1. Which count do you get for residues in segment 40-55 that are in contact (Cβ under 8 Å) with a residue 12 or more places away in the chain, under 18 Å from Gly70 (Cα atoms) and out of contact with any helix residue (DSSP H, G or I) (no Cβ under 6 Å at 6 or more places or on another chain)?
2. Would you say Arg25 is loosely packed, with under 12 Cβ neighbours inside 10 Å and modelled with pLDDT of 85 or more?
3. Determine if segment 23-33 includes at least one residue that is part of a loop (DSSP other than H, G, I, E, B), assigned by TED's automatic domain parsing to the domain that holds Gly70 and of a type in the set (Asp, Glu).
4. Would you check if Gly47 is surrounded by fewer than 10 Cβ atoms within 10 Å (Cβ to Cβ) and at pLDDT 90 or above?
5. Just need a number here: residues in segment 1-22 that are of a type outside the set (A, V, I, L, M), in contact (Cβ under 8 Å) with a residue 24 or more places away in the chain and in a helix (DSSP H, G or I).
Amino acid sequence: MPQHVLRFWETRFSFIRPMKRAGGRRFYRPQDLAVLKGVRTLLHDEGYTIKGVQKLHKEQGVRRLMAASGAVDEIADSIEQLEEALEFSGLERDRLEDALTVLESAKARLDAVLVRS
């Protein structure tokens, strides 16, 4: 999507708020992209006006805009994949719990030393 269109939409749709990086560069997160795809679908494919999209957002929320492009399913799939990647096996979990126990014990000994000082 052309930059000038994104900037125009940012002035018309208060819900389009990308993160701003150093130097004012905009960073669009996946949910931002989903909203933009929904707005584009509503405006270009479904014939909504800018005021119509604003009204739809006011009445039904940002999830409705995201749903217009099917992006909600894409984001849900991405979240599910991330959750699966972060799951630990039983052995990994046991090793992490053992490491936590050792660290907590070391912290308790350090705290005791600091109290004596």
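The values are calculated or read from the model by the stated rules, or taken from the named source; none is laboratory data. What you are looking at is a predicted structure, and each value in this text was computed from that prediction instead of being measured. Using ideal geometry, Cβ is built from the backbone for each residue, glycine included, and neighbour counts are taken over all protein chains shown.
1. Taking segment 40-55 as the starting set, the residues that turn out to be in contact (Cβ under 8 Å) with a residue 12 or more places away in the chain are 40-42, 46, 50, 53-54.
Among the residues that remain, those that are also under 18 Å from Gly70 (Cα atoms) are: 40-42, 46, 53.
Restricting the remaining residues to those that are out of contact with any helix residue (DSSP H, G or I) (no Cβ under 6 Å at 6 or more places or on another chain) gives 40, 46.
Selection size over segment 40-55: 2.
2. Details: loosely packed, with under 12 Cβ neighbours inside 10 Å: yes; modelled with pLDDT of 85 or more: yes.
Answer is yes for this residue.
3. Our first condition is that a residue be part of a loop (DSSP other than H, G, I, E, B); within segment 23-33, this holds for 25, 28-29.
Okay, now just the ones that are also assigned by TED's automatic domain parsing to the domain that holds Gly70, so 25, 28-29.
Cutting the leftovers down to of a type in the set (Asp, Glu) gives us none.
No, the conditions are met nowhere in segment 23-33.
4. Values: surrounded by fewer than 10 Cβ atoms within 10 Å (Cβ to Cβ): yes; at pLDDT 90 or above: yes.
The answer is yes for Gly47.
5. Our first condition is that a residue be of a type outside the set (A, V, I, L, M); within segment 1-22, this holds for 2-4, 7-15, 17-18, 20-21.
Among the residues that remain, those that are also in contact (Cβ under 8 Å) with a residue 24 or more places away in the chain are: 9, 12-13, 15.
So of that shortlist, the ones also in a helix (DSSP H, G or I) come out as 9, 12.
Summing the residues that are of a type outside the set (A, V, I, L, M), in contact (Cβ under 8 Å) with a residue 24 or more places away in the chain and in a helix (DSSP H, G or I) in segment 1-22 gives 2.
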